[in-house]
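Visitor: Below are the C-alpha cells for one structure; questions will follow.
The values are calculated or read from the model by the stated rules, or taken from the named source; none is laboratory data. Quick caveat, the model's predicted, so the values are computed rather than measured. Virtual Cβ from ideal backbone geometry, glycine too; neighbours counted across all protein chains shown. The accessibility values were calculated without ligands, DNA or RNA, using every heavy atom of the protein model including side chains. Shrake-Rupley method; radii C 1.70, N 1.55, O 1.52, S 1.80 Å.
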Amino acid sequence: QFSQLVDMYCPAAVLEEVKSIFIGSYPVNEFEDIRKVYADFMRLYDGKYPGYCACRTHYHDKMHITDALLATARLIDGNNSVRKKMPVRAAKLGLMAAIFHDAGFIQRVNDLSGTGAKYTIHHVERGVHFVKAYFAKNKLGKSDARSLTNMILCTDMAVPVKKIKFGSPAERTAGLMLGSADLLGQMASRCYLERLLVLYREFREGRVKGFASE
C-alpha cells in the first residue's frame, strides 16, 4: 500500500527513513552530523543559506536529492548485511555527499538570469567548490572534505573513476554507491517519466548535446 511507503514528497519523512536505516548498523549519535548537514541542505535549497538563491531547477530539486540520499542509505545497508560493515566515517561521508552532490545547480544571490540548469555541464565542479567552502566555514576536517569531493566526482559521468584519487577502499566504495544511487534513485521514482520532460528543459538550457526534444 502506498500509504505505508516513505512519502518521497516530504523531506522530513525521507530523513527519518535514512536514520532508521543508518542506526541499524551504527550508533544513533553518529547520525547527528548528517542531520545538521541535511538542515543546511534544506536552508540552501529554500534560499535561506547566506549568499545563495533558492533552488530554481525543477528536476534537480530537493526531491532528486532525497531520492539519491535514500538510495545511498539502502546501498550502504545492503552492503552491511552481506559484507564487512562499512566504517562509520565512510558511511556518514557517503550520505553527506549524497545531500550536497548537486549543490552546483544552486545560483548565487547576484546570479539572476535563467536557472541553475545553465550549469549542467559544470555543476559537479561547482558543487565541489561549495563543499570545500562549507567544510572550511564549519571548521570540518580537510581530509573529510577531500573524501566528500571524491565521492561527488563519482556522479560526474565524464570523470573516469580510475582517475579519482580515493583515500581508502571504503571511500571508493561509498563513492561508487553514490554514483549508482544518483541514477537508481531518480529512475526508481514513481514520477520519473513525468519528470523527464522537465529534465529535457534543463538539458536544453544547459546546452547538453544529444537530445532534440522531450
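Visitor: Could you tell me which numbered condition Val88 fails, if it satisfies all but one of (1) in contact (Cβ under 8 Å) with a residue 60 or more places away in the chain; (2) of a type in the set (A, V, I, L, M, F, W, C); (3) open to solvent by 10 Å² or more (accessible area, probe 1.4 Å); (4) under 22 Å from His123 (Cβ atoms)?
Guide: The single condition Val88 does not satisfy is (4).
Visitor: Within segment 94-122, how many residues are open to solvent by 10 Å² or more (accessible area, probe 1.4 Å) and under 17 Å from the mean Cα position of the chain (by Cα)?
Guide: 5
Visitor: Can you work out which of the residues in segment 177-187 that are of a type in the set (A, V, I, L, M, F, W, C) and more than 17 Å from Ala145 (Cα to Cα) is nearest to the chain's Cα centre (by Cα)?
Guide: Step by step, filter segment 177-187, then rank; the result is Ala181.
Visitor: Condition first: of a type in the set (Gly, Ala, Ser) and under 22 Å from Ala71 (Cβ atoms). Now tell me which residues in segment 169-214 satisfy that.
Guide: Ala170, Ala174, Gly175, Gly179, Ser180, Ala181, Gly185, Ala188, Ser189
Visitor: Another question, if that's okay. Provide a single number: the residues in segment 156-170 that are surrounded by 11 or more Cβ atoms within 10 Å (Cβ to Cβ), in a loop (DSSP other than H, G, I, E, B) and either among the aromatic types (Phe, Trp, Tyr) or without any contact (Cβ under 8 Å) to a residue 60 or more places away in the chain (or both).
Guide: Number satisfying all stated conditions: 5.
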